[in-house]
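Right, one structure below, let's go through it.
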Amino acid sequence: MGEGRGSAMVAAAVLCLLAVALHFEVAEAATYVVNGRGGWTFNLTTWPKGKKFKASDVLVFNYQKGAHNVVVVNKAGYDGCSTTPRNAKVYTSGKDRITLVKGLNNFICTLPGHCSAGMKIQINAS
């Protein structure tokens, strides 16, 4: 009977440590407001410079709803200002929250002329 209780206590301790470890992992994620008060707009290619982004960090794109959008694209989509892949995720709320993935994260505005006028950013997350 004592062994069962001991095993249960060990299992509970392990679960508790795992929960604490997961809590600290989530707590490390940072939130960045793209371009601060200026919001999602043109010529932001230098905004990420000097920032250390990690996978699970959140980018907040603030803009007037209907005036812009945010589309997650691959590198070809970023370079060519096109929605590549075709099923790219499009955000249109004006207060979009996007969680970064490890590696290169590419964002463009697909309203006519916006991306080619510099409304795009690349974020490299470790």
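The values are calculated or read from the model by the stated rules, or taken from the named source; none is laboratory data. Please read all numbers here as calculations on a predicted model, not as lab measurements. Here the Cβ is made from the backbone with ideal geometry for all residues, glycine too, and neighbour counts use every protein chain on show.
Answer yes if at least one residue in region 8-30 is at pLDDT 95 or above and either of a type in the set (S, T, N, Q) or in contact with a His (Cβ under 9 Å, 6 or more places away or on another chain) (or both), and no otherwise.
Looking only at region 8-30, we keep the residues that are at pLDDT 95 or above, and these are 30.
Still in the list and also either of a type in the set (S, T, N, Q) or in contact with a His (Cβ under 9 Å, 6 or more places away or on another chain) (or both): none.
Looking for residues that are at pLDDT 95 or above and either of a type in the set (S, T, N, Q) or in contact with a His (Cβ under 9 Å, 6 or more places away or on another chain) (or both), one finds none in region 8-30, hence no.
Return the residues of region 34-72 that are among the hydrophobic types (A, V, I, L, M, F, W, C), in a loop (DSSP other than H, G, I, E, B) and in contact with a strand residue (DSSP E or B) (Cβ under 8 Å, 6 or more places away or on another chain); say none if nothing qualifies.
As a first pass, look at region 34-72 and keep what is among the hydrophobic types (A, V, I, L, M, F, W, C): 34, 40, 42, 44, 47, 53, 55, 58-61, 67, 70-72.
Going one step further and asking which of them are in a loop (DSSP other than H, G, I, E, B), we end up with 34, 40, 42, 44, 47, 55, 67.
Hits for region 34-72 are VAL34, TRP40, LEU44, TRP47, ALA55.
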query = Which condition breaks for VAL70 when tested against (1) at pLDDT 95 or above; (2) under 15 Å from ILE108 (Cα atoms); (3) out of contact with any Cys (no Cβ under 8 Å at 6 or more places or on another chain)?
reply = (3)
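Within region 73-126, which strands (runs of 3 or more DSSP E) (wholly inside it) include 3 or more residues that are buried (at least 18 other Cβ atoms within 10 Å of the Cβ) and at negative phi? Don't jump to the end; show me each part of the working.
Numbers: elements: 95-99, 103-108, 120-125.
Per the criteria, 103-108, 120-125.
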